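The next block holds one structure in the form of C-alpha cells; read it before the comments.
The values are calculated or read from the model by the stated rules, or taken from the named source; none is laboratory data. Bear in mind the structure is a predicted one, so any value in this text is a computation, not a measurement. Please note: Cβ atoms are built from the backbone with ideal geometry, for glycine as well, and neighbour counts cover all protein chains shown.
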Amino acid sequence: MFYREAGDFKTSYRADQQTFPIRLDRIMFWGFIAFAFLVVPFLINDYWEKSILVPFLVWSMAALGLNILTGYCGQVSLGTGGFMAVGAYAAYKLMTAFPDLNIVIVIVLSGGVTAMVGVLFGLPSLRIKGFYLAVATLAAQFFLIWVFNKFAWFYNYSASGQITAPERTLFGIAVTGPSAPPWATYLLCLSIVFVFAWVARNLTRGRVGRSWMAIRDMDIAAEIIGVEPLKAKLSAFAVSSFYVGIAGAMYFTLWFGAVEPTEAFGINQSFRALFMVILGGLGSIFGSFAGAAFLVLLPVLFKNIMVGQFGWPTDLATHVEIMLVGGLIIFFLIVEPHGLARLWQIAKEKLRLWPFPH
Amino acid sequence: MKLARIATVAAAALMMGAAPALAELVFPSLSYRTGPYAPNGIPFADGYADYFTLVNERDGGVEGVKINMIECETGYNTEKGVECYESTKGEGALMYQPLSTGITYQLIPKATADGIPIHSMGYGRTSAANGKVFSNVFNYPGTYWDAASIIVKHILDQEGGDLKGKKIALVYHNSAYGKEPIRTLEELAKKHGFELSLLPVDHPGQEQKSTWLQIRRDRPDYVTMWGWGVMNQVAIKEAANIRYPMDHFIGVWWSASENDVLPAGEAADGYKAITFHAVGSDFPIYDDLKKHVYDAGKAAGAGDQHGTVLYNRGMVAAMWAVEAARKAMEIHGTKELTPAMMRDGMEALDVDEARLAELGLPDFTVPVKVSCESHGGPGLGAIQQWDAKAKKWSLITGYIEADRAVVDPLIMEDSMAFAKENNIEMRCGS
C-alpha cells in the first residue's frame with residue numbers, strides 16, 4: 001500500500017537505473033544513514049563501540065571485499081584472514097615508520113599494499129579454478145601468517161611478536177589507542193565503510209563489474225565476447241584485496257589496537273568471512289552487510305540474553321549459542337540458498353503487493 | 001505461556017538491575033569452560049569462584065562487603081575477551097584477571113586508561129613487573145622470565161653447574177604467551193653457553209608430529225615447554241611416543257596440571273614443571289570449603305577439580321584479590337571500593353607466611369609483598385614432578401630464586417621501551 005512504484009515517475013535513464021528505484025526505499029536508506037551518522041555517535045558507549053558496531057563495520061568491509069572476488073567474479077578465496085593480516089601489518093609499519101602520516105591515508109595505503117599482494121596471489125587464478133584455486137588461496141593464508149610470525153622486522157622486533165597501534169589523531173581527536181572516544185572510532189569506521197560501499201556498488205554495476213560477472217557466469221563465453229580474463233580476474237583480486245586490507249587495517253588500528261597474527265588473522269577468520277558472504281548473499285552489497293550482521297551480532301545477542309537475562313552458566317550458554325547459530329545458518333540456507341539478500345528482496349517484492357496480492 | 005515466562009524473567013532481571021546498589025565487590029572472572037583450552041580453564045575458574053563463595057558464606061564477605069563475581073566466557077579468544085571486558089566494566093568491576101596473555105596485552109592500555117587494575121598472575125606482559133611504568137598492571141608472584149631462569153637454574157643443578165655445549169629446546173604456543181620467554185632464554189643461552197632451539201606450535205596445538213620428529217632428530221638435552229590447553233596433553237603424549245626422557249622435559253607453571261599429564265598415562269611419569277604454590281587438598285582451608293561450599297551445594301562447575309593444581313591456583317588468585325581488597329579498605333577507610341582504591345590495595349599487598357597460616361593456607365604459596373616499584377612479586381618457583389603411579393605431583397625442590405641479574409635488566413629495557421613509545425612518565429618518585 002505504501003511501498004510501491006506507482007506514482008513514482010522516472011523521466012531519465014539515470015533515475016531509472018538508480019540503486020533504490022522506490023521512493024520509500026530512498027527515504028528509509030537516507031534516514032538510516034542519517035541516524036547512523038548523526039544520532040548514534042551521541043548514544044554510543046564503549047561496549048556498543050568495541051563489541052557491536054565497530055566489529056560489525058569491520059567485518060562488513062571484509063565481507064564486501066570477499067564478495068567482490070567470490071560473489072561477483074566467482075573466484076573462491078580462503079585467504080581473507082591472511083590478506084587482513086597484510087593490511088594490519090602494512091598499517092603498523094606505515095604508522096611506526098611515518099608517525100606524522102594521517103591515519104586515513106595509512107588505512108588506504110594499507111589497502112593498496114594488500115591489493116598488490118592480492119594480485120600476486122591471484123596469478124594462479126589464471127590457470128586454476130574452483131576447488132583448486134581455493135587450495136591455492138589457502139596456501140596464501142598459511143604463508144602470510146607464517147611470514148608475520150617468522151620475520152621480526154614486521155613486528156619491529158617486539159618481545160611478544162605483537163603489534164600495537166600507537167595513538168593517532170584526526171582533527172585533533174584521538175582515533176586509535178586507548179584514549180580514543182568511542183564515537184570517534186565509530187564515525188571513522190562508518191565513514192570509511194560508507195564511502196567504500198558506495199564505490200563498490202558503483203564498481204559492480206559498471207563496466208568492470210559486468211566483466212567480473214561475465215567471468216563468473218562462464219569464462220569461455222566471456223572471453224569470446226571480448227572480456228580479458230587476465231584483466232578481469234586480476235582486477236577482481238586487486239579490488240577485493242584492497243577492501244580486505246582496509247578491513248584488516250581497521251581491525252588492528254581502530255578496533256583492537258594490538259594483535260598477534262595467529263589468533264587475529266588465522267584460518268578461522270577466512271572461514272568466517274566466507275560464511276558471511278555465502279549466508280548474506282553472493283554477489284550482493286546488501287548481502288555483505290547482512291551476513292556480517294548475522295555472524296557478528298547474533299552471538300553477542302544470544303550471549304546477552306542467555307547469560308545476562310536468564311543467568312545461565314556461561315559454558316552452557318556458549319554451547320547453546322554455538323548450536324543456535326549453526327542451526328540458524330543451516331535453516332537460512334535451506335529456506336533460501338541465495339542468502340539473506342535474496343530473502344530481503346523477496347520480502348520487498350511481496351511488500352509491493354501487500355495487502356492486496358491479487 | 002512460554003512468552004509470558006520469558007517476559008517475567010526479563011522483568012525480574014530488570015528489577016534486579018534497578019534495585020538500589022548495595023556496596024559490593026565486583027570481581028569479573030574471564031573464564032573459559034569451552035574450547036581447546038577448557039581442560040585448564042575449568043579448574044582455575046572453579047577454584048576462583050569457590051574461594052569467593054567461601055569468603056561470602058563463611059565471613060559474610062570481605063569485612064562485611066559481599067563479593068559479586070561475574071563470570072564471562074572468553075574461550076581464550078581475544079575478541080571475546082574484549083567483549084567480556086567491555087560488558088563487565090560497566091558493572092563496577094574492581095579488577096580483572098584475564099587468564100590469557102593475549103587478552104592481557106589487549107587490556108593493558110584499555111584498563112590503564114579506564115583506571116582499572118589488572119592482575120595477570122604469572123602470565124601476561126613480563127615487563128609489567130616494573131611498577132614505575134605500568135601503574136595498573138600487576139603480575140605477582142612471578143613472571144615468565146623468572147620462570148625461564150628458574151628452569152635453567154634447575155637444569156644447571158642437574159648438570160652439575162655446567163651447560164656448555166648442551167642443547168635446550170623450547171616448545172611454545174605460537175602466540176604472545178609462548179613467545180614471552182624467548183628473550184630471556186636467549187640471554188641465558190649466551191650466559192651459560194647452551195644452544196637454544198625454538199619450536200613453535202600453532203593454536204590450538206593438536207598437531208605436533210613434526211615438532212617432536214625434530215626433537216627426536218636433534219636430541220636436545222632438555223626440553224622446556226610454554227604450552228596451554230590441549231597443547232600440553234598432546235606434547236606430553238608425543239614426548240612419550242618418541243621416548244624422550246621425561247625428567248628432562250620441564251614445563252612452565254601453565255603446563256603443570258593433572259589434566260595435562262593424565263592422558264599420557266604411565267608414560268608421563270617423571271615429567272617436571274615449575275610452580276609457585278602447593279598442590280593437594282591437605283590444607284585447613286579445605287575443611288571450611290567442605291563445610292560452607294561443597295556440602296552446601298554451592299561449588300562451582302562439576303565440583304570434581306578440588307585439590308588439583310589449577311584449582312588451587314584459581315584459589316590463590318582469588319585469595320590475593322580478597323587480601324588486596326581488604327588492604328584497600330584499610331588504606332582508604334571505606335567499604336565502598338573504587339577501582340582506583342583497589343589498585344592502591346594491590347600495590348600495598350603484603351601476604352606473608354603468618355597471614356597465609358591465618359587464612360588456612362600454611363606454606364601454600366610464596367609470601368608476596370608488592371611495592372610501587374615492583375609489581376612482579378618475589379619471583380620464586382619450585383620444581384614439581386609427576387608420579388604417574390600415585391597420580392600425584394610432588395615438589396622436588398624448595399623455592400628457587402630467579403636469576404635477577406639477567407631478568408631485571410631485561411624488564412627494565414622492555415618497560416622503558418614501552419614507556420617511551422607511549423609517553424609514560426615514571427611513577428614512584430624517581
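A count restricted to the range B:216-237 and to residues that are under 27 Å from the mean Cα position of the chain (by Cα) and surrounded by fewer than 21 Cβ atoms within 10 Å (Cβ to Cβ) stands at 1. Note on the range B:335-385: among residues that are of a type in the set (G, A, S) and either buried (at least 22 other Cβ atoms within 10 Å of the Cβ) or touching a Ser or Thr at 6+ places or on another chain (Cβ under 6 Å) (or both), the one that is nearest to B:A321 (Cα to Cα) is B:G345.
Being closer than 26 Å to B:G41 by Cβ and within 14 Å of chain A (Cβ to nearest Cβ): is that true of B:Y172 here? When the stated conditions are applied, B:Y172 passes them. Checking each residue in the range B:33-70 for being in contact with a His (Cβ under 8 Å, 6 or more places away or on another chain) and either free of Cβ contacts under 8 Å to residues at least 40 places away in the same chain or hydrophobic (A, V, I, L, M, F, W, C) (or both) picks out only B:L54.
Counting the residues of the range A:169-190 that are within 13 Å of chain B (Cβ to nearest Cβ), surrounded by fewer than 22 Cβ atoms within 10 Å (Cβ to Cβ) and not small (G, A, S) gives 3.
Can you name the residue in the range B:278-290 that is at pLDDT 90 or above and of a type outside the set (V, I, T) and is also surrounded by the fewest Cβ atoms within 10 Å (Cβ to Cβ) among such residues? Ranking the qualifying residues of the range B:278-290, first place goes to B:D287. Given the structure, is A:L57 surrounded by 14 or more Cβ atoms within 10 Å (Cβ to Cβ) and closer than 28 Å to A:L274 by Cα? Yes. Does A:G327 satisfy the condition of being at pLDDT 90 or above, more than 22 Å from A:F194 (Cα to Cα) and more than 20 Å from the chain's Cα centre (by Cα)? The answer is yes for A:G327. Mind checking which residues of the range B:195-239 are more than 24 Å from B:A388 (Cα to Cα) and of a type in the set (V, I, T)? Selection gives B:V201, B:T211.
Note on the range B:173-258: enclosed helices (runs of 4 or more DSSP H) holding 1 or more residues that are polar (S, T, N, Q) and farther than 29 Å from B:S120 by Cβ are B:209-218, B:230-241. When A:R26 is tested against (1) surrounded by 14 or more Cβ atoms within 10 Å (Cβ to Cβ); (2) in contact with a helix residue (DSSP H, G or I) (Cβ under 9 Å, 6 or more places away or on another chain), only condition (2) is not met. Taking the criterion of being facing another protein chain (nearest Cβ under 7 Å), crowded, with 21+ Cβ neighbours inside 10 Å and farther than 23 Å from B:P43 by Cβ, the residues of the range B:90-108 that qualify are B:Y105, B:Q106. For the range B:116-128, the tally of residues that are assigned to a helix (DSSP H, G or I) and away from chain A (no Cβ under 13 Å) stands at 0.
Note on the range A:254-269: residues that are closer than 15 Å to B:Y105 by Cα, more than 8 Å from chain B (Cβ to nearest Cβ) and within 16 Å of the chain's Cα centre (by Cα) amount to 1. Can we say B:W386 is in a strand (DSSP E or B), touching a helix residue (DSSP H, G or I) at 6+ places or on another chain (Cβ under 6 Å), of a type in the set (F, W, Y) and over 13 Å from B:N130 (Cβ atoms)? Yes: the conditions hold for B:W386. Counting only helices (runs of 4 or more DSSP H) that sit wholly inside the range A:254-349, those with at least 2 residues that are of a type outside the set (S, T, Y) and free of Cβ contacts under 8 Å to residues at least 12 places away in the same chain are A:314-335. Would you mind telling me which numbered condition in (1) away from chain A (no Cβ under 14 Å); (2) more than 23 Å from the chain's Cα centre (by Cα) B:S210 fails? It is condition (1) that B:S210 fails.
Among the listed residues B:G81, B:G47, B:G35, B:G41, which satisfies the condition of being part of a loop (DSSP other than H, G, I, E, B) and not assigned by TED's automatic domain parsing to the domain that holds B:T184? Every option except B:G35 fails the conditions.
When B:A113 is tested against the conditions (1) outside any loop (DSSP other than H, G, I, E, B); (2) surrounded by fewer than 21 Cβ atoms within 10 Å (Cβ to Cβ); (3) touching a residue at least 40 places away in the same chain (Cβ under 8 Å); (4) of a type outside the set (K, R), the lone failure is (3). Among residues of the range B:190-215 that are crowded, with 22+ Cβ neighbours inside 10 Å, those with a Cβ under 8 angstrom from a residue that is of a type in the set (K, R) and assigned to a loop (DSSP other than H, G, I, E, B), sequence gap 6+ or separate chain, pair up as B:F194/B:K164; B:F194/B:K166.
Pick out the one residue from B:V133, B:V201, B:V171 that is farther than 24 Å from A:I267 by Cβ and among the hydrophobic types (A, V, I, L, M, F, W, C). Just one listed residue meets the conditions, B:V133.
Out of B:V252, B:V322, B:V261, B:V309, one residue alone is in the same structural domain as B:C372 (by TED's automatic domain parsing) and either surrounded by fewer than 24 Cβ atoms within 10 Å (Cβ to Cβ) or in contact with a strand residue (DSSP E or B) (Cβ under 6 Å, 6 or more places away or on another chain) (or both). It is B:V322.
Quick one: in the range B:28-48, which of the residues that are among the small types (G, A, S) and crowded, with 24+ Cβ neighbours inside 10 Å is nearest to the other protein chains (Cβ to nearest Cβ)? This residue is B:S31. Of all residues assigned to the range B:391-404, none qualifies as being in contact with a strand residue (DSSP E or B) (Cβ under 6 Å, 6 or more places away or on another chain), among the small types (G, A, S) and buried (at least 18 other Cβ atoms within 10 Å of the Cβ). Of all residues in the range B:331-374, those that are assigned to a loop (DSSP other than H, G, I, E, B), under 28 Å from B:D408 (Cβ atoms) and among the aliphatic types (A, V, I, L, M) total 4. The set of residues in the range B:159-193 being under 21 Å from B:G227 (Cβ atoms) and out of contact with any Ser or Thr (no Cβ under 7 Å at 6 or more places or on another chain) consists of B:Y172, B:H173, B:G178, B:P181, B:I182, B:R183, B:L185, B:E186, B:A189. Output yes when any residue across the range B:136-143 is part of a strand (DSSP E or B), away from chain A (no Cβ under 11 Å) and of a type in the set (A, V, I, L, M, F, W, C), and no when none is. Yes, that holds for at least one residue. For the range B:389-399, filtered to residues that are in contact (Cβ under 8 Å) with a residue 24 or more places away in the chain and assigned to a loop (DSSP other than H, G, I, E, B), the residue that is farthest from B:E347 (Cα to Cα) is B:K389. Considering every residue within the range B:402-413, establish whether at least one is touching a Ser or Thr at 6+ places or on another chain (Cβ under 7 Å), in a loop (DSSP other than H, G, I, E, B) and not aromatic (F, W, Y). Within the range B:402-413 (the criterion being touching a Ser or Thr at 6+ places or on another chain (Cβ under 7 Å), in a loop (DSSP other than H, G, I, E, B) and not aromatic (F, W, Y)), the answer is yes, since at least one residue qualifies.
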